Amino acid sequence: MNDPINVLTLFLFNIILVNIPLLYGTVGEILVEKSGSLDLGVEGTMAIGAIFGYLAGCAANSLAVGLLVSFLTAGLCGLLFSLLTVSLQANQNVTGLTITTFGLGLYFFVGKGIGERWPAMTASEGLVKGYASLEFPLLSKLPVIGKALFSHNILVYLGIAIAIAVWWYLNFTKTGLRLRAVGENPGAADSVGVNTLLYKYVHLIVGSGIMGLGGFYMALYMSGSFEGSNCWINGYGWIAIALVIFANWNPALAILGTLVFGFFNTLQIYSGPLAGVFPGPLGWLNAIPPQLYKALPFLITAIVLVASSVRKREGSGQPAALGLNYFREER
Amino acid sequence: MKKILALALAAAMSLSLVACGGGNTSTPAASSKPGASGSGADVSTPPPADSGEFKVGAIYINSQNDTAGYTFQHHNGITTAMKDLGMDPATDLLIVDTVAENYDDVCKAIDTLANQGANIIFGISFGYIDAMNDKAAEYPDICFSHGTGYMANDTNFNNYFGRIYQARYLAGIAAGLKSAELGNNSIGYVAAYNTEYAETCSGINAFALGAQSANPDATVYVKKINTWGDENLERQAAQALVDTYNCGVISQHCDSAQPQLVAQENNVFGCGYNSDMTEQAPNAHLTAAIWHWNVYYQTAIQAAMDCAGDASKFVEKMGGNAYYAGLAEGFVDASPVNEAVAAPDTAAVMDAVRRLIKSGDWDVFTGVKLSYTVVDGKVEIIKTDADLADNQGNVIVAAGGPSVDDGVIKGSMNYNVAGVQEG
């Protein structure tokens, strides 16, 4: 009935398609945390990027406008966070949670306010075409991996490109090095003339903007259907915060982390078909309680967290001053 | 400091576990409508003679401001019923919303409504059951009515639910006819749960039997998402059904229209649930199994008013302590067929079966199977005695046997009929 190769291909394809928004959230949060700020507002930031990006994209009938607006509106969340925590020295944890509450609230407020006049994605040719799958010539014809890796929509490739670009920026540029210094020890960075205030502001805004792009991706993935019971982001923002730890604050590792989390996320849908086409090696999948798939990624993160705390500082990518506000006068 | 940070991160992680289903945030637990009785200052405008003193109380699981979903359906039903009875929901309806299925919270909500002078209290969610049962004894002067539950007493406490499986059967006919037209016997079904609840598996079974009546070779592939509402998983599940089992029709037991949107994007077809989803997916949606909650709420509020202050007569006025209506009472139905995409004669066949079920001569879970012949738009229903068997080969009802709708009403149904496959 089912072709095993086909099921395997679809499984791999969906791991990437459904879970790339996590990568945006994670990479954005890594950039933010590397500047020393622990922003727990990822969920709300993504929600704001999602809804405003989608509405703008529909209004302008253009994917590019949607991307830009989602980046800018989510960036405003980052600006708000910087104003409160960097300039006004508010508690970072509380501010982050506030932004989540605020973002989700605004999401539902705007969506329900629009009500009947909510634009359908099918009415916007620009968004439908922009989100359509792009087939790499030749590569997409390869068996299994052709479909799984080389026939996705443009936002998948953009997400991976951003992850690699941020990894390169953090590790191989002078500004990236200074940014890491700000996150490790803002006092020391300040004393050698790095503008810590500027670094924190810029990276909070850009990092939040990247999260917003992930929100925009979710909006398109959900066909822009606003129904008011779930938010499109649906907890992805929280998972992204856990993924930052899992990836050890390394954007390149975040790609791997996204795939691991995505593997379990997609497996809860695909366990049935996989067990059906590979009854011998994978038949046991049917016996696993489905709740386990939801718990496993967090269990792995907990293990990683324990392992990294046992190793102490060596090899940990966690910025030393993460979560601490920097008072220049108390240096 | 590192410890605190580690703690904070750990907290973030556990939050992410909890928040996965998170939608609504921090709505106040108790929000009462203004205008509760007892001010006495307003003497210039006496309340309407009929219903002025009568207050309806409701306890909702989600926000009363929802624009879709379970709470929305019930809120809509209650307000429609009240308007039809000449009451004003703005002043006569008392609401406590976003009440979790937690004994103490429900008790508090009931106390609030009782203090505000509610004459009848509706609780819409299954988990309210114990609190409602206990409070019904504590407040004998108030009528209590619990949706989807099974507890009741002989005086002031009843429960209510409906034969939605009859509507599912009708939707199944539309799906079966479409699958026969397509020449594709695979039908998908995105389900919140399956055999864990009689509510879900009876819906799946009835839908499958309806589909098989129109296309005997139809197989219904069920994909569970193990939660009542998660739009993301609903989409993934529907897409997987189309991709892996090549399903040509997608049905659903979940709130959002995502499965229907997926059907439309893949150029296949679908049957919705809870609301007519033709608006969301005009090129895919055939028909939906829907509830008319106002039918029950109007009956119940009228019965409570007829008690004339003596709540102990409520159960008597309702004609029993378990209300279980179906197609015949207009409590459930299939939404109008989307003629643009449905197979020919779909509406005619559904109408014929609708009349048959309403007449009471036949019901879904019996040892009699239906099939149809249509000549020039005239439908003839053919009844055949056949075993009703589960998908393990056990006979549930022997050929010609009577209905086992009891299994749905009492919640003991826990199997899938032949032709249903979980995957």
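The values are calculated or read from the model by the stated rules, or taken from the named source; none is laboratory data. Keep in mind it's a predicted model, so treat the numbers as computed, not measured. Positions of Cβ are backbone-derived with ideal geometry, glycine not excepted, and every protein chain shown enters the neighbour counts.
At a glance:
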quantity	calculated
Conditions (1) surrounded by fewer than 24 Cβ atoms within 10 Å (Cβ to Cβ); (2) free of Cβ contacts under 8 Å to residues at least 24 places away in the same chain; (3) facing another protein chain (nearest Cβ under 10 Å); (4) not β-branched (V, I, T): number failed by B:N267	(3)
Some residue of segment B:218-227 being part of a loop (DSSP other than H, G, I, E, B), touching a Lys or Arg at 6+ places or on another chain (Cβ under 8 Å) and modelled with pLDDT under 95	no
Of the criteria (1) within 24 Å of the chain's Cα centre (by Cα); (2) within 14 Å of chain B (Cβ to nearest Cβ); (3) hydrophobic (A, V, I, L, M, F, W, C), which one A:V202 fails	(2)
Residue satisfying condition, being among the aliphatic types (A, V, I, L, M) and surrounded by fewer than 16 Cβ atoms within 10 Å (Cβ to Cβ), within set A:I160, A:I99, A:I145	A:I145
Helices (runs of 4 or more DSSP H) (entirely within segment B:285-376) containing at least 1 residues that are without any contact (Cβ under 8 Å) to a residue 60 or more places away in the chain, over 17 Å from B:A211 (Cβ atoms) and in contact with a Leu (Cβ under 9 Å, 6 or more places away or on another chain)	B:346-359
Residues (within 17 Å of the chain's Cα centre (by Cα) and more than 14 Å from chain A (Cβ to nearest Cβ)) located in segment B:59-79	B:I59, B:G77, B:I78
Close pairs from segment A:161-185: first closer than 28 Å to A:E330 by Cβ and touching a residue at least 40 places away in the same chain (Cβ under 8 Å), partner of a type in the set (S, T, N, Q) and assigned to a helix (DSSP H, G or I), Cβ under 8 Å, at least 6 apart	A:V182/A:T196
Top-ranked residue of segment B:199-217 - restricted to ones that are surrounded by fewer than 24 Cβ atoms within 10 Å (Cβ to Cβ) and over 22 Å from B:L356 (Cβ atoms), ranked as modelled with the lowest pLDDT	B:E199
Helices (runs of 4 or more DSSP H) (entirely within segment A:220-291) containing at least 3 residues that are more than 8 Å from chain B (Cβ to nearest Cβ) and under 15 Å from A:N19 (Cα atoms)	A:236-246, A:251-277
B:P259 in contact with a strand residue (DSSP E or B) (Cβ under 8 Å, 6 or more places away or on another chain), closer than 25 Å to B:N338 by Cα and surrounded by fewer than 24 Cβ atoms within 10 Å (Cβ to Cβ)	no
Total residues in segment B:107-163, condition assigned to a loop (DSSP other than H, G, I, E, B) and not aromatic (F, W, Y)	18
Candidate set: segment B:240-249, residues that are part of a loop (DSSP other than H, G, I, E, B) and in contact with a helix residue (DSSP H, G or I) (Cβ under 8 Å, 6 or more places away or on another chain); chosen: the one nearest to the other protein chains (Cβ to nearest Cβ)	B:C247
Filter result for the condition that a residue is on the phi < 0 side of the Ramachandran plot and out of contact with any Gly (no Cβ under 8 Å at 6 or more places or on another chain), over A:V182, A:V128, A:V144	A:V128
Only one of A:G159, A:G126, A:G176, A:G103 that is at pLDDT below 95 and not β-branched (V, I, T)	A:G126
Residue identified as part of a helix (DSSP H, G or I), within 13 Å of chain A (Cβ to nearest Cβ) and either in contact (Cβ under 8 Å) with a residue 12 or more places away in the chain or not acidic (D, E) (or both) among B:A206, B:A180, B:A237	B:A237
Residues located in segment B:169-203, provided they are within 15 Å of B:V222 (Cα to Cα) and among the β-branched types (V, I, T)	B:I187, B:V190, B:T195, B:T200
Selected residue (only one of A:L243, A:L253 is surrounded by 18 or more Cβ atoms within 10 Å (Cβ to Cβ), without any contact (Cβ under 8 Å) to a residue 12 or more places away in the chain and within 18 Å of A:V27 (Cα to Cα))	A:L253
Any hit, segment B:187-198, residues being modelled with pLDDT under 95 and more than 14 Å from every other protein chain (Cβ to nearest Cβ)	yes
